[in-house]
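Read through the structure below, which is laid out as structure tokens, and then see the notes.
The values are calculated or read from the model by the stated rules, or taken from the named source; none is laboratory data. All of these numbers come straight from a predicted model, not from anything done at the bench. FYI the Cβ positions are ideal-geometry reconstructions off the backbone, even for glycines, and counts take in every protein chain you see. These area figures cover heavy atoms from the full protein model, side chains too; ligands, DNA and RNA do not enter into them. Shrake-Rupley method; radii C 1.70, N 1.55, O 1.52, S 1.80 Å.
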Amino acid sequence: MTFATLLVLAQVGIYAGFLDGASAVIRRVGGDVWLMAKGTPVVEFGEPVAAGSPMAVLGHPCVERVRPLVFAWVPMRRPTGEFDSLQVIGSEPRSGPLVPWSLRDGLPGDLEPPFRAAVDESDLGKLGLRSNPIGASLDVAGKIIHIAAVTTGIRGFTLQPYMFTTIATARRLAGIAEGRSTYLVIDLKDPACAKDIMALAERRPDIEARTTDAFAKITETYWVTGSGAGAVLGFSALLGLVVGVVIVGQTLYSMTKDHQRELATLKAMGASNLELSSFVAWQAVLLALVGGALGTLLVFGLKRLLAGAGLRLVLSPGVLVLGYAAIVLMCSIASIGSVRKVLSFEAGEVFK
């Protein structure tokens with residue numbers, strides 16, 4: 001039961017971690033509406049929008065602010081000379097929510113000078129950087145970038161490193177002209193205006209608009225469901241349930257057989273089917289509580305272990321509730337065989 005609980009909670013938590021990681025940039029940047037080039041499938045594959053795109057919505061009285069964001073793939077060369085690529089994310093300093101978030105070393109202001117950037121600690125080895133890379137340099141798109149900050153827990157879902165910098169530096173790395181960006185993030189005075197803003201923006205044939213939540217969910221579905229990762233995790237969680245049902249079922253059945261004479265005696269004394277079934281019920285509850293508690297302790301330990309390997313396991317209240325619901329279902333199914341066995345006892349069994 002403990003193993004089954006660990007497996008179910010771990011699989012549900014990893015799935016939730018994949019979803020969170022796929023849309024982390026969108027949700028952290030925030031805003032109410034995102035403007036993007038027509039046909040943009042997910043946040044990683046955006047194209048620069050026209051320089052005049054902000055004018056499509058700036059006149060609306062509900063628009064508080066329009067924040068440009070660059071999100072682009074750029075080539076890089078490791079210190080060893082090998083070529084690779086990374087995802088550069090550029091935003092205007094002090095214009096909205098803190099990007100990058102979760103800094104381990106350095107301060108947000110350290111990124112404001114030209115060609116300064118932040119990378120995540122989990123990507124240092126992939127980038128060929130030492131464990132304390134502050135001040136180190138990296139060849140990105142033919143330009144020398146100086147590492148000024150290090151984040152923790154911000155890993156790209158595509159496994160290619162994120163590099164956070166100012167929008168001016170990001171434009172130069174991605175070859176995007178001044179005044180242009182990959183996305184325009186709109187902050188509204190009243191979120192209820194989102195539909196009007198989207199309708200206004202989409203009058204232009206070259207751009208489309210999505211709410212932040214809708215864009216995040218589209219990105220999550222594309223990477224987690226479309227890539228097959230969701231199916232693999234779902235199958236693993238289902239396998240955990242099957243294993244749990246078999247193990248718990250065998251345990252309950254064995255305990256029922258061990259108490260066969262006592263149960264037959266109770267039936268001979270007039271015990272009802274409900275009273276006999278309660279014997280199995282409380283054993284199932286006991287197994288669920290003890291196994292669930294031990295499994296929960298183990299999964300929190302596993303979370304720390306996986307974090308060191310760069311894999312995020314989310315154990316939010318929603319994930320735990322879903323996992324415990326699966327455990328209750330597991331014990332309920334597993335107890336069916338034992339209940340049928342108890343109800344089939346004959347009173348004469350006590351005299352054998």
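Per residue, what volume in Å³ does the convex hull of the Cα atoms of region 80-220 enclose? Don't skip to the end; give the middle numbers.
Values: hull volume 19.1 nm³, N = 141.
Here the figure is 135 Å³ per residue.
Which percent of the accessible area of region 41-95 is formed by carbon and sulfur heavy atoms (probe 1.4 angstrom)?
Values: 1430 of 2530 Å².
In region 41-95, the share of accessible area belonging to carbon and sulfur is 57 percent.
Which whole-number percentage describes the relative contact order of the chain, with Cα contacts under 8 Å and a sequence gap of 6 or more? Write down the numbers at each step before the final one.
Working: 619 pairs, mean separation 101.5, N = 352.
In percent, rounded to a whole number, it is 29.
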- Stick to the Cα atoms of region 175-237, pair each with every other, and give me the Kirkwood hydrodynamic radius in Å at one decimal. 14.5
- Along the principal axes of its C-alpha atoms, what lengths does region 62-158 span, in descending order and rounded to whole Å? 51, 27, 24
- Query: Hey, got the dipole for region 103-142? About the Cα centre, +1 on K and R Cβ, -1 on D and E Cβ, debye to the nearest 20?
  - Reply: 100
- Counting only Cα, what are the radius of gyration and maximum Cα-Cα distance Dmax of the chain, in Å? 27.9, 93
- Message: Relative contact order for region 130-288: what percent, with Cα pairs under 8 Å and sequence separation of 6 or more?
- Response: 9
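By how many nm would the segment from LYS38 to GLU112 lengthen if fully extended, with 0.36 nm per residue of separation less the alpha-carbon distance? Before the final figure, lay out each step's value.
Details: separation 74, 0.36 × 74 = 26.64 nm, distance 3.09 nm.
Extending this stretch completely gives an extra 23.5 nm.
Suppose every Lys and Arg Cβ carries +1 and every Asp and Glu Cβ carries -1, with no other charges. What dipole size does region 87-169 come out with about its Cα centre, to the nearest 20 debye? Can you show the working numbers first?
On the way: 7 positive and 8 negative charges, 17 e Å.
The calculated dipole for region 87-169 is roughly 80 debye.
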- Message: Would you calculate the convex hull of the Cα atoms in region 137-212 and tell me its volume per residue in Å³?
- Response: 164
- Between ILE333 and GLU82, what length comes free when the chain is fully extended (0.36 nm per residue of separation minus the Cα-Cα distance, one decimal in nm)? 84.9 nm
- Rounded to the nearest 20 debye, dipole of region 1-67 from Cβ charges on Lys, Arg, Asp, Glu: 80
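All other residues with a Cβ under 13 Å from the Cβ of PRO133 taken together, and with Lys, Arg as +1 and Asp, Glu as -1, what is their net charge?
On the way: positive: ARG78, ARG104, ARG116, LYS126, ARG130; negative: ASP105, ASP110, ASP120, GLU121, ASP123.
Combined, the nearby Lys, Arg, Asp and Glu give 0.
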- Query: How big is the accessible area of ARG78 in square angstrom, nearest 10, if you roll a 1.4 angstrom probe over the protein chains?
  - Reply: 40
- Note on the structure: Quick calc: nm separation of the 7 Å Cα→Cβ label points for LEU297 and LEU320 -> 1.5
- Note on the structure: Which of VAL299, VAL70, VAL321 fluctuates most in a GNM of the chain (C-alpha springs under 10 Å)? That residue is VAL321
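Assuming R0 = 22 Å, what is the FRET efficiency of LYS195 and THR221, from their Cβ-Cβ distance, to the nearest 0.05?
My answer for the efficiency is 0.50.
Among GLU202, GLU178, what's the order by accessible area (1.4 angstrom probe), most exposed first? If you can, show how the numbers build up before the last one.
Working: GLU202 80, GLU178 150 Å².
Reading off the accessible areas and sorting them downward yields GLU178, GLU202.
Using only the heavy atoms of the protein chains and a 1.4 Å probe, how would ARG340, ARG28 rank by accessible area, largest first? Could the numbers behind the result be given before it?
Working: ARG340 170, ARG28 125 Å².
Order by accessible area, largest first: ARG340, ARG28.
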- Message: So, for the chain, what is the accessible surface per residue at a probe of 1.4 Å, expressed in square angstrom?
- Response: 47
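Restricting things to Cα coordinates, could you compute the convex hull volume per residue of region 23-101 in Å³?
Working: hull volume 10.2 nm³, N = 79.
Taking only Cα atoms, region 23-101 has a hull volume of 129 Å³ per residue.
With the contact rule set at Cα under 8 Å and sequence spacing of 6 or more, what percent relative contact order holds for region 48-121? Please list the in-between numbers first.
Details: 53 pairs, mean separation 14.4, N = 74.
Rounded, it is 19 percent for region 48-121.
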- Note on the structure: Between the modelled labels at GLU47 and LEU343 (7 Å from Cα along Cα→Cβ) the distance in nm is 6.4
